[in-house]
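The values are calculated or read from the model by the stated rules, or taken from the named source; none is laboratory data. Since we're looking at a predicted model, the values are computed, not measured. For neighbour counting, all protein chains shown are included, and Cβ atoms are generated from backbone atoms with ideal geometry for every residue, glycine included. Areas reflect the complete protein model, heavy atoms only, side chains present, ligands, DNA and RNA absent. Shrake-Rupley method; radii C 1.70, N 1.55, O 1.52, S 1.80 Å.
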Amino acid sequence: MFYQAANGKEALGRFVGVCENKGDALTYWVLTDDTQQVIARSAVRTALDPSRPNLRLSAPASDGGEFSSDPLKIATAAELLYPHVDPSDVQLPRFSPDDLLKRSFVRELDDGQKVRATVVRKILDKEAEDHQNIKFLLEIGEGGFDEIIGYGELSQIFSDLHDAEAAAEDRAWVYKAILDHQGPLRPGDPRYKGSSWNVLIQWEDGTETWEPLDTLRKDDPVACTDYAIKHGLLNTEGWKSFRRLAKNRKKLQRMINQARMKSERHGPIYQFGVRVPRNYKEAIELDKANGNTKWKDAINLETTQLFEYDVFEDRGKAPRTKPPSGYKKIRLHFVFAVKHDLRHKARLVAGGHLTPGNNVDSFSGVVSLKSMRIAILIGEMNGLNSMVGDVGNAYLEAYTKERVYIVAGPEFGELEGHILIIVKALYGLRTSGARYHEKFADTMRDMGFTQCKADADVWMRDAGNVWEYVCVYVDDLYAIMKEPQLFFDELTTKYKYKLKGVGKPTYHLGGDFFRDPDGTFAWGCETYIKKIVSNYKTMFGEDPKEYKTPLESGDHPELDTSPEITDPAEMKKYQSIIGALQWAI
């Protein structure tokens, strides 16, 4: 079989048996071909399936049957993709071939001209049977010529674009809209500001000022062109320069949509009426403007907790200390939020997008609501008690297998400039969810629980005349037992988990838990629906219409001819509402 080695490469091994006391349910003992050691692995696959060849082997097995056990024949995918390049200089493909279809990017031609290129389709030929040799057809320009490009090169292009976007500094988008115009103006006019036309700008704080058109023309010609089209100004002196952009309406609309998305991405965010910063620098600036240290205190609390969990290993200050061999440098950033009680929260998140993509063994499982409902029903029928709780800083309970480090920034105080190796499963790393899932799975087995075969995130334990259950949704726990308090006490005292919100279930995973007047245990969504209505008011500025039936009288949704949404901002709103309604149901 093939298994994932510690360095992230696929290696050869032999199946020994099922690993019953380590990791998840589908974990196996593997005898490694190179070291002859037995190790536990959950990410494995057969080496005998001809339809799924091992692309890391430089040549097929010499005997034509069993795979070769010679470790010297193992090659990396980078060596196969780039045979004339040092493998250490390239990354493994971050995108699957299907992920690249229909994407667009800017392609620079031989004459220096930059045009838009769109990935139209995969080219299927005999070579494409090898996953890495797939080629793609690009459409260059607006209905121009075509180009054929290899999978490796195309994947690298989008990887570079992805990293460039992530590394770009936040830009300030300080105005919201152009409301009006005045002109033509001449020098001597008190309204003249160096341009023959002024435009009325609405700023992010709601104020409005007249600004010269020539200034805005340089900063945002797309918005100016859109305004000129809507107000019939393209043939007016002072506005004619925008006709070139207006010629290609399809391209202009795309640029307008991109500008709106950037405006949303970089515009101010408010939660419960409080301005939320986007990064560390903005958090410090908001504290100065507000005359307090609430965001700074939240940052200090987060970094203090990280060191309490021994998340980092300090290797000394750069450049005197060199980065450890085999480790990749990544970045960290803060995610800020304001809670319903106006508490300011900051969480330090790793830039997991900077590490090679690998979806194998990366996520934490979650219990299905259907399984949870069945477990609660069984508990009620057997007279068991229910309690809920969640694990604080859950991911930091586990160790990461990723080899990454950071150079500490100013938020680390005296450690600024130090090389810090990340040793715990920090939020944002690709595999942190899986590492915590493995850690908690080991804890549950040690407490005598086994996984339900129908749902791996329902844990069961024989309690004599009845079975007890724990439903796990990442770090949210719902215990159904004779004495659930003892279960949570043991997690705290013996296994040192830091638990929060332990008590009788009243609100859990978006649902209300209560007993009807006759004592029947009930699960509803009244609180969640109130939140949906509140969010609807925030998005649309009005209450949703009330209906007494699922469908309005005379409504035929199967005959709907309303236009599709094209505005990315409106798409997000629609998806948000649909997702919330699905969860409520």
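Of the residues examined, Arg260 is one that is part of a helix (DSSP H, G or I), at pLDDT below 85, under 24 Å from the mean Cα position of the chain (by Cα) and surrounded by 13 or more Cβ atoms within 10 Å (Cβ to Cβ). Among the residues examined, Glu570 qualifies as without any contact (Cβ under 8 Å) to a residue 40 or more places away in the chain and either touching a helix residue (DSSP H, G or I) at 6+ places or on another chain (Cβ under 6 Å) or surrounded by 10 or more Cβ atoms within 10 Å (Cβ to Cβ) (or both). Residue count for the stretch 573-585 under the criterion of being open to solvent by less than 100 Å² (accessible area, probe 1.4 Å) and either over 17 Å from Phe540 (Cβ atoms) or aromatic (Phe, Trp, Tyr) (or both): the result is 2.
For every residue, the table says whether it meets (1) under 17 Å from Glu380 (Cα atoms); (2) hydrophobic (A, V, I, L, M, F, W, C); (3) part of a helix (DSSP H, G or I).
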| position | (1), (2), (3) |
| --- | --- |
| Tyr497 | no, no, no |
| Asp512 | yes, no, no |
| Pro517 | yes, no, no |
| Lys531 | no, no, yes |
| Met539 | no, yes, yes |
| Lys548 | no, no, no |
| Thr561 | no, no, no |
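A single member of Leu286, Leu306, Leu377 is part of a helix (DSSP H, G or I), modelled with pLDDT of 85 or more and touching a Pro at 6+ places or on another chain (Cβ under 9 Å), and it is Leu286.
Applying a threshold of 6 Å to beta carbon distances and a minimum spacing of six or more residues, or different chains, the list of pairs starting in the stretch 213-226 at a residue that is more than 23 Å from Arg186 (Cα to Cα) and of a type outside the set (Val, Ile, Thr) and ending at one that is assigned to a helix (DSSP H, G or I) and open to solvent by less than 60 Å² (accessible area, probe 1.4 Å) reads Asp226/Ile256.
Residue count for the stretch 13-23, restricted to those that are surrounded by 17 or more Cβ atoms within 10 Å (Cβ to Cβ) and modelled with pLDDT under 85: 2. Pairing residues of the stretch 15-34 that are over 13 Å from Thr443 (Cα atoms) and touching a residue at least 60 places away in the same chain (Cβ under 8 Å) with residues that are open to solvent by less than 80 Å² (accessible area, probe 1.4 Å) and not in a strand (DSSP E or B), at Cβ distances under 7 Å and at least 6 apart in sequence or on separate chains, gives Ala25/Ala456.
Filtering the stretch 311-331 to residues that are polar (S, T, N, Q) and touching a residue at least 40 places away in the same chain (Cβ under 8 Å) leaves only Thr321. Give all pairs with beta carbons closer than 8 Å in which a residue from the stretch 95-106 that is under 16 Å from Gly152 (Cβ atoms) and open to solvent by 80 Å² or more (accessible area, probe 1.4 Å) meets a residue that is modelled with pLDDT of 70 or more and of a type in the set (Ser, Thr, Tyr); count only pairs at least 6 apart in sequence or on separate chains. If the second residue must be modelled with pLDDT of 70 or more and of a type in the set (Ser, Thr, Tyr), the pairs left are Arg103/Thr118. Which of the residues that make up the stretch 409-425 are in contact with a helix residue (DSSP H, G or I) (Cβ under 6 Å, 6 or more places away or on another chain) and in contact (Cβ under 8 Å) with a residue 40 or more places away in the chain? If the condition is that a residue be in contact with a helix residue (DSSP H, G or I) (Cβ under 6 Å, 6 or more places away or on another chain) and in contact (Cβ under 8 Å) with a residue 40 or more places away in the chain, then Glu411, Lys424 are the ones that fit.
For the stretch 289-303, the set of residues classified as free of Cβ contacts under 8 Å to residues at least 60 places away in the same chain and not in a loop (DSSP other than H, G, I, E, B) consists of Ala289, Asn290, Lys294, Trp295, Lys296, Asp297, Ala298, Asn300, Leu301, Glu302, listed by residue number.
Are any of the residues in the stretch 176-189 modelled with pLDDT under 80 and farther than 30 Å from Ala117 by Cβ? For the stretch 176-189, residues modelled with pLDDT under 80 and farther than 30 Å from Ala117 by Cβ: present.
Take Lys114 and decide whether it is open to solvent by 40 Å² or more (accessible area, probe 1.4 Å), at pLDDT 70 or above and basic (Lys, Arg).
Numbers: open to solvent by 40 Å² or more (accessible area, probe 1.4 Å): yes; at pLDDT 70 or above: no; basic (Lys, Arg): yes.
The answer is no for Lys114.
Looking at the structure I just gave you, is Ala283 surrounded by 19 or more Cβ atoms within 10 Å (Cβ to Cβ), touching a Lys or Arg at 6+ places or on another chain (Cβ under 9 Å) and hydrophobic (A, V, I, L, M, F, W, C)? Yes. Within the stretch 446-476, the set of residues being crowded, with 17+ Cβ neighbours inside 10 Å, touching a helix residue (DSSP H, G or I) at 6+ places or on another chain (Cβ under 8 Å) and aliphatic (A, V, I, L, M) comprises Val458, Val470, Val472, Val474. In this structure, Tyr405 does not satisfy being hydroxyl-bearing (Ser, Thr, Tyr), in a helix (DSSP H, G or I) and in contact (Cβ under 8 Å) with a residue 24 or more places away in the chain.
Among the residues making up the stretch 485-526, those that are under 23 Å from Lys370 (Cα atoms), of a type outside the set (Gly, Ala, Ser), open to solvent by less than 50 Å² (accessible area, probe 1.4 Å) and under 27 Å from the mean Cα position of the chain (by Cα) are His508, Leu509, Cys525. Of all residues in the stretch 401-410, those that are open to solvent by 30 Å² or more (accessible area, probe 1.4 Å) and closer than 14 Å to Ile299 by Cβ total 1.
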